[in-house]
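In what follows, a structure is listed as structure tokens, so that the remarks can point back to it.
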Amino acid sequence: MSHAAELPIWLAVPAALLLLLGAGLALTGALGLLRLRTFYERLHAPTIGTSYGMGCVLLASVLVFSARQGRPVLHEVLIGLFVVVTTPVTLMLLGRAALHRDRLEGDPEVPGAARPDDAPPA
Amino acid sequence: MRVLLPHPLLSAGLLVMWLLMNQTLQPGPALVGALVALLGGWALALLRPGRSRLRRPGTILRLAGQVAVDVVRSNIGVAKVILLRRPDRRSGFIRVRLTLRDPQALAVLAVILTATPGTAWLEFDAGEGWLLLHVLDLIDEADWTRIIRDHYERPLLEIFR
């Protein structure tokens, strides 16, 4: 970024830290995809990136571009909103597909239904 | 008013979204935004999603704050699980029985639980309200049940009534 030098230091430092933190969180989530053992465990890992990983990067973007353009730049909020609202769709679809597959295969580790077998009748 | 603005909150949200995307308050884009907002409200009315009224703005704010804090905690928790690889960690399925039935409120709960890295929403039995979740760090099943009931379900029951 050629304009980075124009930023005042009190803003450049927090923005850089937020970027690093956000990128680090997203990297941790990606690492989780490698390290975690089962499909259901791996469902949790990318959510780090889509919650505060994304949040930190977007906040850094708001800080830098608001300072450079001399007015509040807020449309990053929309990115955050849409990511938060749409991630559950994908994750629930993946989770339920895995659940369906494992039930068809008769995996004993996976519960048969959301309602427990020993629940009293309604 | 009902005919023109069947879903005022949705229309207001669409207008704000439009203005944020265009990054302006000029009358031209604002007019187009107002039109989009009106059409969006009518389109949703045609789908008949059912009317749920939002109550208690204070509770909404408190819930949002609680979720922000819980998601930070969960981010740290899951990052620790991935980076430190504790040998005694156990993940597993838990079931929670909900009294919440409003579809919009359940959608909000699904967004909250999915946005929290430590929990994943898998299945919901609408008949009796059983929710099947997967939890990455299952220390105490009763603890998770308590968090979901007290932190999220109770405020949602107050908000969507």
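The values are calculated or read from the model by the stated rules, or taken from the named source; none is laboratory data. What you see is a predicted model; the values in this text were computed from it and never measured. So basically every Cβ, Gly included, is an ideal-geometry build from the backbone, and we count neighbours across all protein chains shown.
With B:A105, B:A37, B:A12 as the choices, which residue is at pLDDT 85 or above, touching a strand residue (DSSP E or B) at 6+ places or on another chain (Cβ under 8 Å) and farther than 29 Å from A:L21 by Cα?
Answer to the check: B:A105.
For region B:35-54, enumerate the residues that are touching a residue at least 60 places away in the same chain (Cβ under 8 Å) and either among the hydrophobic types (A, V, I, L, M, F, W, C) or in a helix (DSSP H, G or I) (or both).
B:L54
For B:R73, all conditions in the list (1) exposed (fewer than 14 other Cβ atoms within 10 Å of the Cβ); (2) within 13 Å of the chain's Cα centre (by Cα); (3) free of Cβ contacts under 8 Å to residues at least 24 places away in the same chain hold save one; what is the number of the exception?
All conditions are met except number (2).
Does B:A120 fit the bill of being at pLDDT 90 or above and crowded, with 17+ Cβ neighbours inside 10 Å?
Considered against the rule, which asks whether it is at pLDDT 90 or above and crowded, with 17+ Cβ neighbours inside 10 Å, B:A120 comes out as yes.
Criterion first (free of Cβ contacts under 8 Å to residues at least 40 places away in the same chain and out of contact with any Ser or Thr (no Cβ under 9 Å at 6 or more places or on another chain)) does A:R37 satisfy it?
Judged against the criteria, A:R37 is not a match.
Return the only residue of A:L21, A:L78 being out of contact with any strand residue (DSSP E or B) (no Cβ under 8 Å at 6 or more places or on another chain), modelled with pLDDT of 90 or more, surrounded by 14 or more Cβ atoms within 10 Å (Cβ to Cβ) and more than 22 Å from B:V78 (Cβ to Cβ).
Residue meeting the stated conditions: A:L78.
Could you check B:T99 against (1) within 13 Å of another protein chain (Cβ to nearest Cβ); (2) assigned to a helix (DSSP H, G or I) and say which number it fails?
Only one criterion is unmet by B:T99, namely (2).
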